[in-house]
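No value in this document is a laboratory result; all are computed from the given coordinates. What you see is a predicted model; the values in this text were computed from it and never measured. FYI the Cβ positions are ideal-geometry reconstructions off the backbone, even for glycines, and counts take in every protein chain you see.
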Amino acid sequence: MQLLLLAVAVMILLPLYWVLKTSLTGENLFNYPPSLVPRDMHVFYFVDVFYWIPFARFALNSVIVSVIVVVTNILFNSMAAMALTYEFNFKPLVIGLYLSSMMIPFQTAIIPAFLLTRELGLLNSHVGLALPLMSTIVNIFVFKSSFDAIPRSIIDSARIDGVSEWRLLDTIYLRLSSPAIATNVILAFVWSWNNFIWPLIIVRDEAMQTLPLALSRFLSYFEDTSGQLYAFVVLVAIPVIAIFLLNQKRFISGILAGAMKG
Amino acid sequence: MNDRRRLPLIILFLLPSVLVFVLYRWLPVIWNLFLSFQKWKPIGANEWVGASNYVTMFADPVFWESLQNTLVYFFVGTPVAIILALILALFVNEPIPGRNAYRTIIFLPYPITPVAIGLIWKWLLNDRVGFVNYVLRSVGLIDEGIPFLQSFDFALFSVIGTTIWQVLGYFMILVLAGLQTVPTELRDAALIDGAGPLRRTWSITLPLIRSTLFLCFIIGIINSFTVFDMVYVMTGGGPGHATEFLVTYIYRNAFEFNRLGYSAAMTVVMFLVLLTVTLVSNRFSGGEAGGARHYE
């Protein structure tokens, strides 16, 4: 049992370690047989990534899109979740729309999504890149279960004090839901950061590339076995790995809530 | 409480998210249906062409090959991933030393950018400098490096294997969550009755986490029908069309050959197959799997 777990752990860690090592040494690209322990580490390949492509520009694109996605997710999802705390006639219809949207993978929507975004004049734009991810079902329900847990008495007494509904969302619902906000931030960021097919479709201008897109095209600059490529891989992967490792519990409970929903 | 007077506010609150899902999920379903009966023109109105896109599709061997590859992924890849995840989850559910570390490590690939993972494995599987071939040669299994991703025999399973490598931890965490709902008293009672570990797992644990397993299955269906990023960077669908999947072929026709009508027709068929498979397996599970979650 332990042996199998150990074997699986090695199979998962070794490739990641190998990439990291190669990005720092370039070693096993030229040496055969490869050595396990890194020798003569240097950051030459990382510097080279900045030298060969406008890495900072692509990173900025990724950051801008991710910030838009994260902010709109918090805003739109919490608004939707708050609306669902009210009673109204077409509530089942709205919930049905949300849940059924989960069964329509974005990959089946790419062609009309492209045509629509073109009509809106948002090809090659940060807003266009962020649009399909601006609200996410999982995160709406993360907010909803957090809002449902807030005692009605608090809400009612605030209303009696004359607090408006907008202020209610801000001062009570969101203030008491910091774990739900954190989950929204983490999941929205990771989904946006990793997104590939959508930038691939709507980015025609080289300067608007996000990191995964630039990474996939980096091969055209170099041979496929260059240390620069793996330095690039490390640079793209580090933010999401860091976010996951720093917020493991929240990340996992968030995606579990998403999977169980429905 | 009467919320009717708040109706304008409710609508305002719902509007942004509803717009996102209507415009980028529901509208495309209908739009695809219309587009599938048209020949798309970059400028000017599209031309109605009847069912000719569908006729072309059914006569297109590459369409059938990509459908077949998608189904191979679904029928082979998904069960393998779930069974592996189940075994791992059962193991890390036991009070063994380092089980939290194992959980973290096995889950670690899941959040990583798929494009990055595709590039890593493309290199590990390389015939000259790839680590996998190095290991195989070192233990004397092969004399010459195998060009896994250029080989008609290995490419499909190499790509599927890579996606399993990434998603394994996710399934494991799902199963693990299901295992927490199994009452320990039941297992303890079986233990006292002298049931061995295999028997306890088979007759008590598995039936109780049935709904979780079906949930994994449904997610596996969606994953196998939507696989794209890794294939795109690892093989681009090749060699030939050995790793062509539905989405890669749809993407290529729409955005490389400008055949948007044809791609829309394939999307409609893909969506219908996906829906049928999901509904059928949901029926088999007695509706227990409930809904499923997509990547976004």
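General remarks:
- Region B:64-154: C-alpha gyration tensor shape, a/c 1.5 cut-off, then a/b vs b/c: oblate
- Per-residue ³J(HN,Hα) for region B:81-92, Karplus 6.51 cos²θ - 1.76 cosθ + 1.60, θ = phi - 60°, Hz, x for Gly and Pro: 4, 5, 5, 4, 4, 4, 4, 4, 5, 4, 6, 6
- Contact order normalised by residue count of chain A, Cα under 8 Å, 6+ apart, percent: 32
- Per-residue mean of foreign Cβ neighbours for B:170-180 is 2 (Cβ atoms of other chains, 10 Å radius).
- Span-like helix criteria (full DSSP H runs; alpha carbon extent of at least 20 Å along the helix axis; mean Kyte-Doolittle hydropathy of at least -0.5) are satisfied in chain A by A:2-25, A:55-83, A:178-194, A:227-246.
- One equal scatterer on each Cα of chain A, no solvent, Debye formula: the resulting log10 I(q)/I(0) at q = 0.07, 0.08, 0.17 Å⁻¹ is -0.34, -0.44, -1.31.
- Other-chain or far-sequence residues with amide H under 5 Å of B:Q38's (modelled H): B:V49
- Peptide B:95-107 has a mean shielding of 4, counted as Cβ atoms of other protein chains within 10 Å of each residue's Cβ.
- Note on region A:49-89: Kirkwood radius taken over Cα pairs, Stokes-Einstein applied at 10 °C and 1.306 mPa s, translational D equal to 125 µm² s⁻¹.
- Relative packing of peptides A:231-238, B:275-282, A:36-43 - highest average C-beta neighbours within 10 Å first: A:231-238, B:275-282, A:36-43
- Peptide packing: for A:57-66, B:211-220, B:183-192, the average count of neighbouring Cβ atoms within 10 Å per residue gives the ranking B:211-220, A:57-66, B:183-192, highest mean first.
- Chain B - percent relative contact order, Cα under 8 Å, separation 6 or more: 27
- Sites listed here are trypsin sites (Lys or Arg not before Pro) in region A:164-262 whose DSSP assignment is loop and whose Cβ has at most 13 other Cβ atoms within 10 Å: A:R175, A:R204.
- Structure-based [θ]222 nm, chain A - -39500 (n - 2.57) summed over DSSP H runs of at least 4, per residue, nearest 500: -21500 deg cm²/dmol
- Straight-distance crosslink candidates among lysines, where the alpha carbon sits under 23 Å from A:K249 and sequence neighbours closer than 8 are dropped: A:K144, A:K261
- A:L176-A:V43 FRET efficiency (beta carbon distance; Förster radius 51 Å; 0.05 resolution): 0.70
- Note on the protein assembly as shown: Kirkwood hydrodynamic radius from all Cα pairs is 25.2 Å, rounded to one decimal.
- Note that chain B, at 4 °C in a medium of 1.567 mPa s, gets a Stokes-Einstein diffusion coefficient of 58 µm²/s from its Kirkwood radius over C-alpha pairs.
- For region B:234-264, the set of chymotrypsin sites (Phe, Trp or Tyr not before Pro) satisfying both a DSSP loop assignment and a count of at most 16 other C-beta atoms within 10 Å is given as B:F257.
- In this simple spin-label approximation, B:E94 and B:F154 carry label points 7 Å from Cα along the Cα→Cβ vector, and these lie 3.3 nm apart.
- Shielding by other protein chains, A:230-240, mean Cβ within 10 Å: 4
- Highest-first packing order for the peptide set A:87-96, A:124-133 is A:124-133, A:87-96, based on the mean count of other beta carbon atoms within 10 Å.
- Dipole magnitude of the protein assembly as shown about its Cα centre (Cβ charges: Lys, Arg +1; Asp, Glu -1), debye to nearest 20: 1120
- Listed by chain and number, the aspartates and glutamates placed with their C-alpha closer than 16 angstrom to that of B:K39 are B:E47, B:E256; residues fewer than eight positions away on the same chain are left out.
- DSSP-loop GluC sites (Glu not before Pro) across region A:164-230, with at most 15 other Cβ within 10 angstrom: A:E223
- Computed across region B:165-296, the Kirkwood radius stands at 17.5 Å (inverse of mean 1/r, all Cα pairs).
- Normalised contact order of region B:173-224, rounded percent, pairs of Cα under 8 Å and 6 or more residues apart: 52
- Computed [θ] at 222 nm, deg cm²/dmol, chain B (DSSP H ≥ 4; -39,500 (n - 2.57); rounded to nearest 500): -19000 deg cm²/dmol
- The ellipsoid equivalent to the alpha-carbon distribution of region B:1-143 has semi-axes of 44, 33, 16 angstrom, derived from the gyration tensor eigenvalues as √(5λ) and listed largest first.
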